[in-house]
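The structure under discussion appears below in the form of structure tokens.
The values are calculated or read from the model by the stated rules, or taken from the named source; none is laboratory data. Values in this document were obtained by computation on a predicted structure and should not be read as measured data. Backbone-built Cβ (ideal geometry, glycine too); neighbour counts: all protein chains shown.
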Amino acid sequence: MSNAFGKIFQVTSFGESHGPCIGVVVDGCPAGLKIDPKKIADDLARRRPGQILTTPRNETDDFKILSGLVDGHTTGAPLCFIIPNHDVDSAQYEERRFTPRPGHADYTAFIKYAGFEDYRGGGRFSARVTAGFVIAGNIAKQLLEKIGVTISAKIIEIGGRSEKMMERIAEAAESGESVGGIIEGEALNIPAGLGEPLFDKLDAELAKALFSLPAVKGVEFGSGFAAARKLGSENNDPYEIQNGKVVTKTNNAGGVLGGISNGMPIVACVAFKPIASIAKPQETLDLRTNRPVPLKIEGRFDPCPIPRAVVMVEAMMAIVLTDFALMGQVLPKVFKRQ
Ligand SMILES: Cc1cc2nc3c(=O)[nH]c(=O)nc-3n(C[C@H](O)[C@H](O)[C@H](O)COP(=O)(O)O)c2cc1C
């Protein structure tokens, strides 16, 4: 079971949706970084449930820092963050234990962990654990700021539509349905030269991190799948000099060539599927008898992952880019005390 990723900037996730807390350990953060907790809280607020058109589960997401920080500065020791779970209601999950939700991980978890999995609220498969990713991502953003790198993400479409997107979620929810969508993440001012040509390709590692978010079904860089339908002359990005710097006139590569950053914006589009838990009646199997049974999900769920996932896309990009920036030694190892 792998709950950690990153080579130098290592992120380890722990906790379950209905356990006492969820959290994250961030190891390898250089000493001397002044952490602004307000920035962490602001990113957590963007991910938080209990807002309009999200699950009614209401969590305040107040985090505690247990280690690695003295006088507001990182010490170089592992940073440990926890967020207590308050608004937990596991009753629905107890009843549904042997009747897996189609589209969710209930069945695969049941098989893999032989019935010992924490099935309450989706356990480790719940998007709740991504609060830890958002904290780690914010630390990474605060580090990347030091070299002028900025990361942002925006919603491209929801339920196949790029206008009146929030209305699309409301329509789906009203009819007991859910919808997915696409988020575009962009990293600016990434120095050219980060990444490796084969197994640690920058785009491959970014894709792995983005696919680690729940409900992600596709990741593409630059022209992505559309490149397969273009001519070489249409897809190649011609070089030119701007302000004394080598740039490309177009960015079909999405900022990565041969697994290595080329200095252009890194642009990744991430496709999320519709939420599996829907209010509409469905059919499933009772795994004790293998007979079909009706399924009516009464719990609390999001009608669409997209609004809360924007900050998660930023977080995963920031974590990976920080790791590569530390490997490429473009981030300071030590910050001097003022
Ligand atoms: C922001 C966000 C919120 C989510 N909320 C729910 C939810 O309320 N109910 C649900 O069934 N799935 C939800 N999911 C998706 C599941 O966690 C995910 O589909 C499930 O773990 C199966 O994994 P997979 O879709 O990656 O295969 C959410 C995903 C995200 C990104």
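The table for this structure:
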quantity	calculated
Qualifying position, being within 25 Å of LYS154 (Cα to Cα), out of contact with any strand residue (DSSP E or B) (no Cβ under 7 Å at 6 or more places or on another chain) and of a type in the set (Asp, Glu), among ASP61, ASP87, ASP36	ASP36
In region 172-191, the residues that are crowded, with 16+ Cβ neighbours inside 10 Å and not in a helix (DSSP H, G or I)	GLU177, SER178, VAL179, GLY180, GLY181, ILE182, ILE183, GLU184, GLY185, GLU186, ALA187, ILE190
Selected residue (only one of ILE278, ILE266 is within 16 Å of the ligand (Cβ to nearest atom), modelled with pLDDT of 95 or more and either of a type in the set (Gly, Ala, Ser) or buried (at least 21 other Cβ atoms within 10 Å of the Cβ) (or both))	ILE278
Filtered residue count, region 254-278, keeping only those that are part of a loop (DSSP other than H, G, I, E, B) and aliphatic (A, V, I, L, M)	4
Residue that is farthest from GLY328 (Cα to Cα) [pool: residues in region 151-171 that are in a helix (DSSP H, G or I) and not hydrophobic (A, V, I, L, M, F, W, C)]	GLU171
Single match in GLU220, GLU234 (criterion: more than 14 Å from the chain's Cα centre (by Cα), more than 30 Å from GLY123 (Cα to Cα) and either charged (D, E, K, R) or within 16 Å of the ligand (Cβ to nearest atom) (or both))	GLU234
Counted residues, region 281-334 - those being within 16 Å of the ligand (Cβ to nearest atom) and in a loop (DSSP other than H, G, I, E, B)	11
Residue count, region 113-145 (criterion: over 21 Å from the mean Cα position of the chain (by Cα) and at pLDDT 95 or above)	0
Failed condition for LYS296, given (1) at pLDDT 95 or above; (2) farther than 30 Å from ILE147 by Cβ	(1)
Qualifying residue in region 85-97 (condition: at pLDDT 95 or above, touching a helix residue (DSSP H, G or I) at 6+ places or on another chain (Cβ under 8 Å) and surrounded by 15 or more Cβ atoms within 10 Å (Cβ to Cβ))	no
Residues of region 187-217 satisfying the condition of being under 16 Å from ALA140 (Cβ atoms) and within 16 Å of the ligand (Cβ to nearest atom)	LYS208, ALA209, LEU210, SER212, LEU213
